[in-house]
Amino acid sequence: MPPLRFGVAGLEFGAAVHLPALLSLPDVEVAAIAGRRPDAVRAVAARFGVATVADSWQALLEHELDAVTFALPPEANELACAAAAAKGIAVLSEKPLARSAEAARRLQSLASGIPNAVDFQFAELEGFRRLSDRLGSKELGALRHVQITWLVESYAQRHAAWSWKTDRRRGGGVTGALGSHLFYLLEWLLGEIVELRARTSSAATAQFTPDGGEPAEDRVDLWATHASGVTSTATYGNAAPAGPGHRWECICEQGTITLQNTTTDYMAGFELFVHSRANRRVDFKDSPMPGVDGRLAPFRALAQRFATTVRTGARMHPDFADGARVQELMEQVSDSIGDAGGTVHIR
């Protein structure tokens, strides 16, 4: 059986994570890579041994491909996903899928007949899979409430770098960067969100926003109710120097299950604790490996499942339907820009 021919668009996350992860998969060939900077894309292609380069995602789609991965800004991403779907090419996309929930739902419809996936890769991590298992087993009784803190400092915030990632008009902000992962995890672990309230701030980003720009949110406080009756609260932000990292406290009838990562590698370094009245045990611990990008392993696992889906035609999760659902929740947050916030009944 011939290898699957993949194309990769995106010289940041695409070149750093998509490309090396795909090259490590059996029966997969990266046939072409695209980027807007010709010298840079040629250098990446030479380093990884990719034969064909393209100067745009449009040019990439002119090649004979079985599947593509996109790591593009939201506006370009929704156009690229739509064009690939129209050509019948399977798509694995980074999040956010599009600029709006309406556009994401259109992509879901366009891609309904082809394999598609979205890179919500935290659900691929062993720590989150074990958390799901512990909550499902009810070893500490029924779940009552979950409290999440996810406060880190992004490169853009540390260096006051203005780009689409900090520009609200171009789909930037911490909700696209972190909140999209958070919403997927919340519904995967706790069930459908039926009520949501959000309060946002862009105070940190406003300090380096150029004249005429609109700063995207850099901190969000959430309050949610799930269909199961469980409640969750979350504070997430990407403008927290020496922030506490990523922590989930799951409060059950007979104790607490805690998943946390206090390292600077936001994908590796998670620890899972199970704390009952009688004892406290470390259920899982993952230490970052020096010199290894922690994003590679979870993306590789998701990409492997996607490649299988491309061959079989079966549906996988997370897919464009999941991406559209997350986009709906993200849109509720973006509508709450400012200090007042508001309560939104999702259903």
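The values are calculated or read from the model by the stated rules, or taken from the named source; none is laboratory data. As the structure is a prediction and not an experimental result, all values here were calculated from the model. Ideal geometry is used to build each Cβ from the backbone, glycine not excepted, and the neighbour counts take in all protein chains shown.
A few notes on this one:
- Per the listing 156, 123, the residue uniquely more than 13 Å from residue 189 (Cβ to Cβ) and of a type outside the set (D, E, K, R) is 156.
- Condition check for residue 100 on (1) of a type in the set (S, T, N, Q); (2) more than 17 Å from the chain's Cα centre (by Cα); (3) at pLDDT below 95: one failure, at (2).
- Which numbered condition residue 136 fails, given (1) touching a residue at least 24 places away in the same chain (Cβ under 8 Å); (2) under 24 Å from residue 252 (Cα atoms): (1)
Residue by residue, here is whether (1) within 22 Å of residue 304 (Cα to Cα); (2) in the same structural domain as residue 95 (by TED's automatic domain parsing); (3) in a helix (DSSP H, G or I); (4) among the polar types (S, T, N, Q) holds:
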{"residue": "32", "(1), (2), (3), (4)": "yes, yes, no, no"}
{"residue": "45", "(1), (2), (3), (4)": "yes, yes, yes, no"}
{"residue": "50", "(1), (2), (3), (4)": "yes, yes, no, no"}
{"residue": "62", "(1), (2), (3), (4)": "no, yes, no, no"}
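- Listing of strands (runs of 3 or more DSSP E) fully contained in segment 203-314 that carry 1 or more residues being farther than 30 Å from residue 113 by Cβ, touching a residue at least 60 places away in the same chain (Cβ under 8 Å) and acidic (Asp, Glu): 219-226, 245-252, 271-276, 280-285
Residue-wise test of (1) at positive phi; (2) touching a residue at least 60 places away in the same chain (Cβ under 8 Å); (3) of a type in the set (A, V, I, L, M, F, W, C).
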{"position": "6", "(1), (2), (3)": "no, yes, yes"}
{"position": "16", "(1), (2), (3)": "no, yes, yes"}
{"position": "32", "(1), (2), (3)": "no, no, yes"}
{"position": "35", "(1), (2), (3)": "no, no, no"}
{"position": "44", "(1), (2), (3)": "no, no, yes"}
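This table checks each residue for (1) buried (at least 23 other Cβ atoms within 10 Å of the Cβ); (2) among the acidic types (Asp, Glu); (3) closer than 14 Å to residue 333 by Cα; (4) in contact with a Cys (Cβ under 8 Å, 6 or more places away or on another chain).
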{"site": "169", "(1), (2), (3), (4)": "no, no, no, no"}
{"site": "174", "(1), (2), (3), (4)": "yes, no, yes, no"}
{"site": "179", "(1), (2), (3), (4)": "yes, no, yes, no"}
{"site": "183", "(1), (2), (3), (4)": "yes, no, yes, no"}
{"site": "192", "(1), (2), (3), (4)": "no, yes, no, no"}
{"site": "205", "(1), (2), (3), (4)": "yes, no, no, no"}
{"site": "228", "(1), (2), (3), (4)": "no, no, no, no"}
{"site": "250", "(1), (2), (3), (4)": "yes, no, no, no"}
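- Considering (1) assigned to a loop (DSSP other than H, G, I, E, B); (2) at pLDDT below 95, the lone condition that residue 317 does not fulfil carries the number (2).
- Unique match (being within 25 Å of residue 133 (Cα to Cα), β-branched (Val, Ile, Thr) and in the same structural domain as residue 256 (by TED's automatic domain parsing)) among 200, 235: 235
- Residue selected from segment 18-30 under the condition outside any helix (DSSP H, G or I) and in contact (Cβ under 8 Å) with a residue 24 or more places away in the chain, by the criterion surrounded by the fewest Cβ atoms within 10 Å (Cβ to Cβ): 27
- Verdict on residue 15 being out of contact with any Phe, Trp or Tyr (no Cβ under 9 Å at 6 or more places or on another chain), within 21 Å of residue 122 (Cα to Cα) and surrounded by 21 or more Cβ atoms within 10 Å (Cβ to Cβ): no
Conditions tested, residue by residue: (1) touching a Gly at 6+ places or on another chain (Cβ under 6 Å); (2) modelled with pLDDT of 95 or more; (3) among the charged types (D, E, K, R); (4) buried (at least 16 other Cβ atoms within 10 Å of the Cβ).
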position	(1), (2), (3), (4)
208	no, yes, no, no
240	no, yes, no, yes
264	no, no, no, no
269	no, no, no, yes
272	yes, yes, no, yes
279	no, no, no, no
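- Qualifying residue in segment 88-99 (condition: surrounded by fewer than 19 Cβ atoms within 10 Å (Cβ to Cβ), aliphatic (A, V, I, L, M) and not assigned by TED's automatic domain parsing to the domain that holds residue 163): no
- Every listed requirement among (1) surrounded by fewer than 18 Cβ atoms within 10 Å (Cβ to Cβ); (2) at pLDDT 95 or above is met by residue 339 save one, (2).
- Residues in segment 104-157 that are more than 20 Å from the chain's Cα centre (by Cα), under 24 Å from residue 308 (Cα atoms) and at pLDDT 95 or above: 109, 110, 114.
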